[in-house]
Amino acid sequence: MKILKTVLLLACFSLTIIACKNEPKTIAQPEVPFTKEGELTLYKGTTDTIIAKLDIEIAETPFEIETGLMYRESMKKNQGMLFVFNEIRERNFYMKNTRFPLDLIFLDHNKRIVSFQENAQPLDEASLPSKALAQFVLEINAGLAEEWLLEVGDKMDYFVYKIVE
């Protein structure tokens, strides 16, 4: 009787493992909404004329920087994400789990554009290097850097909303 119980328990256990193994292992990731945390203005480096104004999200914690615009389906034309780093150095980004194309604008500690990675393709894990020292990275919808005629030497300024409780 004891052997029969053991055999039945092992059979049930085996069936449970086999049944679980065949189930799909997909995890639904909810859409991440845009949260306006500040405003950013891009200026021509030679004339100080305004090129564009954007509502921005700020990425400055390790989690925010690692996640960026992942798991989002789109972003409005007047929106962007600004990555703020504590130090200036060469940067490398990629498009893992980013579902729409982007232009990456790399800026130095003086908030001047030092390089671009235009039309970065969704879900591509290839490295997108700054090729110059950068302290800030601005992600905008693909094609806007060209549309706005951005150039190395153009600059930005931004402010972050401070919530006082």
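The values are calculated or read from the model by the stated rules, or taken from the named source; none is laboratory data. All values reported here derive from a predicted model rather than from experimental measurement. Heads up, the Cβs are rebuilt from the backbone with ideal geometry, glycines too, and the neighbour counts pull from every protein chain shown. Note: areas computed on protein heavy atoms with side chains; ligands, DNA, RNA excluded. Shrake-Rupley method; radii C 1.70, N 1.55, O 1.52, S 1.80 Å.
Among the criteria (1) within 21 Å of ASP48 (Cα to Cα); (2) outside any strand (DSSP E or B), the one VAL137 does not fulfil is (2).
Within region 119-133, residues that are among the basic types (Lys, Arg) and open to solvent by 40 Å² or more (accessible area, probe 1.4 Å) reach partners that are in a strand (DSSP E or B) and modelled with pLDDT of 95 or more with beta carbons closer than 7 Å, at six or more positions or on different chains, in the pairs LYS131/SER115.
The set of residues in region 92-118 that are in contact with a Pro (Cβ under 8 Å, 6 or more places away or on another chain) and either open to solvent by 60 Å² or more (accessible area, probe 1.4 Å) or of a type in the set (Lys, Arg) (or both) comprises ASN92, ARG99.
Report yes if ARG89 is surrounded by 13 or more Cβ atoms within 10 Å (Cβ to Cβ) and of a type in the set (D, E, K, R), otherwise no. No: the conditions fail for ARG89. Evaluated against (1) closer than 24 Å to GLU125 by Cα; (2) open to solvent by 30 Å² or more (accessible area, probe 1.4 Å), MET81 falls short on exactly one condition, (2). Here PHE116, PHE106, PHE136, PHE93 are screened, and the one residue that is touching a helix residue (DSSP H, G or I) at 6+ places or on another chain (Cβ under 8 Å) and farther than 16 Å from PRO33 by Cβ is PHE116.
Considering every residue within region 146-154, establish whether at least one is under 19 Å from the mean Cα position of the chain (by Cα) and not in a loop (DSSP other than H, G, I, E, B). Checked region 146-154: no residue is under 19 Å from the mean Cα position of the chain (by Cα) and not in a loop (DSSP other than H, G, I, E, B). Can you tell me which residue is surrounded by the fewest Cβ atoms within 10 Å (Cβ to Cβ) among those in region 134-165 that are on the phi > 0 side of the Ramachandran plot and among the small types (Gly, Ala, Ser)? The selected residue is GLY153.
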